[in-house]
Amino acid sequence: MKCRYRYICNPFSFKHSITMRKIGLLSDTHCFIDERVLDFFKDCDEIWHAGDIGNEETADKLEKYKPFRAVHGNIDDHNLRIRYKQFEIFTCEEMKILMTHIGGYPGHYEKGVTYLLEKEKPNVFICGHSHILRVINDKKYNVLCINPGAAGNSGFHAIKTVVRFEIESSRIQNLEVLEMKRNK
């Protein structure tokens, strides 16, 4: 199967930072990791998973590959719910990140998400669940919302997607999307 990636953005800046993190972001693997995803993430410093991992074997595979951070999703069993929280709030470089599985998108956030956006004031909000790739700047909450779509074979999506980007200081840059035809 052929796959391709799209170059989404490359903001120009004179600002230089000593540190930078390259992040691989995926969601909705549903027990399946395509080897092309691992290849796409090979130069990433960390992998973040926005839920519906599917099973412990999938989580273990990703944890062994790169430093791994995740939230549990609605299909994840009790073992994954013990390992991973419903919400993760953390800092990467100078960016505050809020990650959950079922989160919605600007103007259509799930219960509890609006409260956390107001209380925590993250720079980036990450969620999964919809199987729809979205990168939206929410001007109301001054937050970049990223849903990487679905990386697994289960669901209604025809194209599997994952995202990678760089965080340098307080900026996200070089956001790229890998698109792969879904195996049926």
Report summary line: In the range 152-175, anything surrounded by fewer than 18 Cβ atoms within 10 Å (Cβ to Cβ), among the polar types (S, T, N, Q) and more than 16 Å from residue 45 (Cα to Cα) is listed as 153, 154, 170
**Report entry** Where a residue in the range 86-104 is free of Cβ contacts under 8 Å to residues at least 40 places away in the same chain and its partner, wherever it lies, is basic (Lys, Arg) and part of a strand (DSSP E or B), with Cβ under 8 Å and at least six apart
**Finding:** 88/69; 89/96; 90/69; 90/96
Report summary line: Taking the range 90-110 and the residues there that are aromatic (Phe, Trp, Tyr) and under 16 Å from the mean Cα position of the chain (by Cα), the one that is farthest from residue 70 (Cα to Cα) would be 105
Query raised in the report: Given the structure, is residue 42 basic (Lys, Arg) and exposed (fewer than 14 other Cβ atoms within 10 Å of the Cβ)?
Result: yes
Requested in this report: May I ask you to list pairs of residues, at least six apart or on different chains, whose Cβ atoms are under 8 Å apart, with the first in the range 64-85 being in contact (Cβ under 8 Å) with a residue 24 or more places away in the chain and among the polar types (S, T, N, Q) and the second being surrounded by 13 or more Cβ atoms within 10 Å (Cβ to Cβ) and in a loop (DSSP other than H, G, I, E, B)?
Outcome: 74/51; 74/52; 74/101; 74/102; 74/129
**Report entry** Condition check for residue 23: aliphatic (A, V, I, L, M), at pLDDT 95 or above and either touching a Cys at 6+ places or on another chain (Cβ under 8 Å) or surrounded by fewer than 21 Cβ atoms within 10 Å (Cβ to Cβ) (or both)
**Finding:** yes
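What do you reckon, is residue 28 under 24 Å from residue 92 (Cα atoms), surrounded by 13 or more Cβ atoms within 10 Å (Cβ to Cβ) and at pLDDT 95 or above?
yes
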**Report entry** Qualifying residue in the range 97-107 (condition: in contact with a Pro (Cβ under 7 Å, 6 or more places away or on another chain) and either modelled with pLDDT of 95 or more or surrounded by 21 or more Cβ atoms within 10 Å (Cβ to Cβ) (or both))
**Finding:** yes
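The values are calculated or read from the model by the stated rules, or taken from the named source; none is laboratory data. Just so it is clear, the structure is predicted and the values come from calculations on it, not from any experiment. Positions of Cβ are backbone-derived with ideal geometry, glycine not excepted, and every protein chain shown enters the neighbour counts.
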